[in-house]
């Protein structure tokens, strides 16, 4: 791709400066890290305007700025919308890189599934090549484009892209840019139901990933709503997976999973994580890869902090750090995982955001799950919604409602014994990772 290609890709115009028609290097949206020879894209958001940093980018050696309006003192490509242009360039580069691309969405488990798929695909890479995957939480309009622009055909054999959403049309837009060869939908839950209104609307939004799919849809075969919705959005090849239902099914033997006479050591405990791993095996099947090649050694995952992170505390207790985020389905899955460990079980929970008018009902369902599982202790950060958890958890021996994380810490210091297991989980904005940090510092 050359500088002159940018005009046809974005329908933009160069300003009066002479632009050399040479190959393009890196395209950056961050003036803080931009280096000499790179192109700077001046994105505009709710709380920032990249046009304010064009001078900084050129001071660091940028060769071109992509802007919404002309800045005559700098070499610029003037476009109607810089984010749209950034995505158009990313799409054009993805089209040139003829590499299998796997896209993942779903209400829960996206990042874990992305890491499992990526780790499985590493077994099939050529020497000196690897799997290129979405980093951190780069699963939105900017992050997906950034991931695509970082594809290097000389270094990458596969691309794995995570796609998140907050409303209708986002997944459609992201899949149009990425043009996946395999699309994975992990499940349909209630995350963002406050914005979308119903699980049916969420299912339609998630199935937008199928609109620009050119290969195989990999679907959770245990999610009936997903299967029904996908059938209205996709007529191509489909592979379903599950423990109880699906074409790719596995038998769990201790910490191992057996599928079609192939055995893997499961990298994470919990039924929900087994389903995520089965999604990964289904991707291998979709790509017609020999499953046995990925069974030769344990799978290693690089998960963000706050995702299925089991921490051994100084007093012998265990801490299950699930603070990265929380939806009702994810909380219920984490409670089931908590219960699988021996010892007394404590759930430390905060509110789940973006549930709208369904919030109290869904928090109540979490409390009912705690009651059904027989969790020993429950501590919540107080608000109207978490009170619903407390009220529904009728059989819990120890229940506390706290106004601050310091109050929670003091209760745990008093109550926790050496064989206890503590789950910490809440929406990201609650900041429950601060409590996890404090617990790790205790002697």
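Before moving on, here are some points about what is shown:
- Considered as a group, the residues in region 11-57 that are assigned to a loop (DSSP other than H, G, I, E, B) and in contact with a strand residue (DSSP E or B) (Cβ under 6 Å, 6 or more places away or on another chain) include one that is surrounded by the most Cβ atoms within 10 Å (Cβ to Cβ), and that residue is 42.
- Note on region 296-324: residues that are closer than 29 Å to residue 249 by Cβ, surrounded by fewer than 16 Cβ atoms within 10 Å (Cβ to Cβ) and in contact with a strand residue (DSSP E or B) (Cβ under 7 Å, 6 or more places away or on another chain) total 2.
- Some residue of region 242-249 being in contact with a strand residue (DSSP E or B) (Cβ under 8 Å, 6 or more places away or on another chain) and within 15 Å of residue 104 (Cβ to Cβ): no
- Test: residue in region 400-409 that is in a helix (DSSP H, G or I), in contact with a strand residue (DSSP E or B) (Cβ under 6 Å, 6 or more places away or on another chain) and in contact (Cβ under 8 Å) with a residue 60 or more places away in the chain: yes
- Taking the conditions (1) modelled with pLDDT under 95; (2) over 24 Å from residue 257 (Cα atoms) in turn, residue 109 satisfies each one other than (2).
Condition check ((1) in contact (Cβ under 8 Å) with a residue 24 or more places away in the chain; (2) surrounded by fewer than 22 Cβ atoms within 10 Å (Cβ to Cβ); (3) farther than 25 Å from residue 296 by Cα; (4) in contact with a strand residue (DSSP E or B) (Cβ under 9 Å, 6 or more places away or on another chain)) across all residues:
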residue	(1), (2), (3), (4)
132	yes, no, no, yes
135	no, yes, yes, no
150	no, yes, yes, yes
155	yes, yes, no, yes
160	yes, no, no, yes
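- Considering each residue of region 67-82 in turn, none proves to be assigned to a loop (DSSP other than H, G, I, E, B), closer than 19 Å to residue 217 by Cα and in contact with a helix residue (DSSP H, G or I) (Cβ under 7 Å, 6 or more places away or on another chain).
- Residue 62 being outside the structural domain of residue 174 (by TED's automatic domain parsing), touching a strand residue (DSSP E or B) at 6+ places or on another chain (Cβ under 8 Å), in a loop (DSSP other than H, G, I, E, B) and surrounded by 15 or more Cβ atoms within 10 Å (Cβ to Cβ): yes
- Every test in (1) touching a strand residue (DSSP E or B) at 6+ places or on another chain (Cβ under 8 Å); (2) part of a loop (DSSP other than H, G, I, E, B); (3) surrounded by 21 or more Cβ atoms within 10 Å (Cβ to Cβ) is passed by residue 108 save one, and that test is (1).
- The number of residues in region 192-209 that are over 11 Å from residue 165 (Cα atoms), under 19 Å from the mean Cα position of the chain (by Cα) and at pLDDT below 95 comes to 1.
- Failed condition for residue 371, given (1) crowded, with 21+ Cβ neighbours inside 10 Å; (2) more than 20 Å from the chain's Cα centre (by Cα): (1)
- Residue 337 under 28 Å from residue 166 (Cα atoms) and surrounded by 17 or more Cβ atoms within 10 Å (Cβ to Cβ): yes
- If you go through region 265-286 and pick out every residue that is part of a helix (DSSP H, G or I) and either crowded, with 19+ Cβ neighbours inside 10 Å or in contact (Cβ under 8 Å) with a residue 40 or more places away in the chain (or both), you end up with 15.
- Comparison of 395, 336, 418, 359 shows that the only residue that is closer than 30 Å to residue 274 by Cβ, out of contact with any helix residue (DSSP H, G or I) (no Cβ under 8 Å at 6 or more places or on another chain) and not assigned by TED's automatic domain parsing to the domain that holds residue 274 is 418.
- Test: residue in region 407-423 that is more than 18 Å from residue 320 (Cα to Cα), surrounded by 14 or more Cβ atoms within 10 Å (Cβ to Cβ) and modelled with pLDDT of 95 or more: yes
The values are calculated or read from the model by the stated rules, or taken from the named source; none is laboratory data. All values reported here derive from a predicted model rather than from experimental measurement. When we count neighbours, we look across all protein chains shown, and the Cβ atoms used for this are built from the backbone with ideal geometry, even at glycine.
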